[in-house]
Amino acid sequence: MQTAEKQITGLAFTGEDFTPENVELTIENGIITDIIPSRAKAERCILPAFFNSHIHTGDTAALDTPADRPLKELVAPPDGLKHRILRMTPEESILKGMKNSIAYMKLRGTLGFADFREGGVHGAELLERAADPEMYTIILGRDGGEHHPASAGLGLSSAHGTVEEKQAADKVRRAGKLLFVHAGEGKTTDIDAAFDLRPDVIIHGTNFRDADIRRAADEDIAVAVCPRSNWTLHVASSRNNPPVRKLLEAGVPLLLGTDNVMFVSPDMFAECAFLINVYDVTPEDALRAATAGFSFAGEKTGIEKGKPANLTIIEGIGLFEWSRHPLKTALVRVGAAAVTEVISSKRQNSSL
Ligand SMILES: [Zn+2]
């Protein structure tokens, strides 16, 4: 067995609370084996790598299509604009686009993602081919794609309360797989049907009412919010949609995603900055939401002894000399452009 060992010093955001500490980390075989205080002047920041909890990499092929019509006409299957573009796009272009977006994410400190993959079994297969072995890829298929061996479960486009949906949900449950479902994005009428499927994760919750927030908390259903997508697709125009602060106050497990690549860049620094600045979420809560998705890949997250080393290294430490809140500075001001290295526990070191 390989026994690669690596030391790295810097200002690390450690533990559950992301406490900034000047440390030397030791990584062995992909695990953080030691964290000791360092007196050396910190020249870099060490962040836990992001997990993008909701993305559609397949629509990279429709990049920067104007969001010039109602949500349904843009993205709803089977004939929304997105689906018509996907049908017209050669398979190799879809594959190349997905690879491109996956590489883009990694360069910006994301080492895992949960992808709603259209295109049935074949769509799941394509994403399996596009996947980066250093990244945690959760494939959520549909139209049969959920049963592909590489697929982690079902990603339902929306819930209507039909028998077919219930059967599809029961089938993935029996297979021990995951169920994620879009709900409450542009309306409220699909929310109850989504909850009734007992999903692991509801995507969006943009129009959640107080009763929906309580139900998510009571039933321990995580909500993956995608605020930049909501604003871009004109389903949100205030910090109350999605009701992120209320979700956090109610104890709902909060996840963060970037949604359709065709409309929004899969840059989790930018998503965190939006959550912090527009939704008045603390940098710590934003980073927690931006990393919590690792649990669905069966992986722990955070900078602590014994945990896997999935880390993002950023330079730009000069700015931290004046910072009153280093984590906020890292997420909001320094951001993706300063990433110099990502370290994956799946394959131990990847220099950019
Ligand atoms: Zn989506």
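The values are calculated or read from the model by the stated rules, or taken from the named source; none is laboratory data. Bear in mind the structure is a predicted one, so any value in this text is a computation, not a measurement. Don't worry about glycine lacking a Cβ; one is built from the backbone with ideal geometry, like all the others, and counts go over all protein chains shown.
Tabulated data
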{"read-out": "Within the stretch 54-71, tally of residues that are under 16 Å from residue 86 (Cα atoms) and within 13 Å of the ligand (Cβ to nearest atom)", "value": "5"}
{"read-out": "Selection count, the stretch 111-169, where residues are under 21 Å from the mean Cα position of the chain (by Cα) and over 30 Å from residue 189 (Cα atoms)", "value": "16"}
{"read-out": "Hits in the stretch 31-66 - residues which are touching a strand residue (DSSP E or B) at 6+ places or on another chain (Cβ under 6 Å) and not in a strand (DSSP E or B)", "value": "38, 40, 42, 44, 49, 57, 59"}
{"read-out": "All positions within the stretch 192-205 that are more than 22 Å from residue 174 (Cβ to Cβ) and surrounded by fewer than 24 Cβ atoms within 10 Å (Cβ to Cβ)", "value": "192"}
{"read-out": "Selection status of residue 176, on the phi > 0 side of the Ramachandran plot and in contact with a helix residue (DSSP H, G or I) (Cβ under 6 Å, 6 or more places away or on another chain)", "value": "no"}
{"read-out": "Strands (runs of 3 or more DSSP E) enclosed by the stretch 233-352 - at least 2 residues per element that are within 16 Å of the ligand (Cβ to nearest atom) and in contact (Cβ under 8 Å) with a residue 24 or more places away in the chain", "value": "254-256"}
{"read-out": "Residue satisfying all of: in the stretch 48-62; hydrophobic (A, V, I, L, M, F, W, C) and within 11 Å of the chain's Cα centre (by Cα); surrounded by the fewest Cβ atoms within 10 Å (Cβ to Cβ) among these", "value": "49"}
{"read-out": "Hey, residue 82 within 20 Å of residue 113 (Cβ to Cβ), within 16 Å of the ligand (Cβ to nearest atom) and surrounded by 15 or more Cβ atoms within 10 Å (Cβ to Cβ) or not", "value": "yes"}
{"read-out": "Residue count for the stretch 67-79, restricted to those that are among the charged types (D, E, K, R) and either crowded, with 18+ Cβ neighbours inside 10 Å or outside any helix (DSSP H, G or I) (or both)", "value": "3"}
{"read-out": "Residue count, the stretch 97-122 (criterion: assigned to a helix (DSSP H, G or I) and over 26 Å from residue 291 (Cα atoms))", "value": "3"}
{"read-out": "Index of the failed condition, residue 275 passing every other in (1) more than 18 Å from the chain's Cα centre (by Cα); (2) at pLDDT 95 or above; (3) surrounded by 15 or more Cβ atoms within 10 Å (Cβ to Cβ)", "value": "(1)"}
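Here's the yes/no breakdown for (1) farther than 30 Å from residue 142 by Cβ; (2) modelled with pLDDT under 95; (3) acidic (Asp, Glu):
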residue	(1), (2), (3)
2	yes, yes, no
6	yes, yes, no
13	yes, no, no
23	yes, no, no
77	no, yes, no
101	no, no, no
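Table: residues versus (1) under 21 Å from residue 266 (Cα atoms); (2) touching a strand residue (DSSP E or B) at 6+ places or on another chain (Cβ under 6 Å).
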| residue | (1), (2) |
| --- | --- |
| 126 | yes, no |
| 132 | yes, no |
| 138 | yes, yes |
| 169 | no, yes |
| 172 | no, yes |
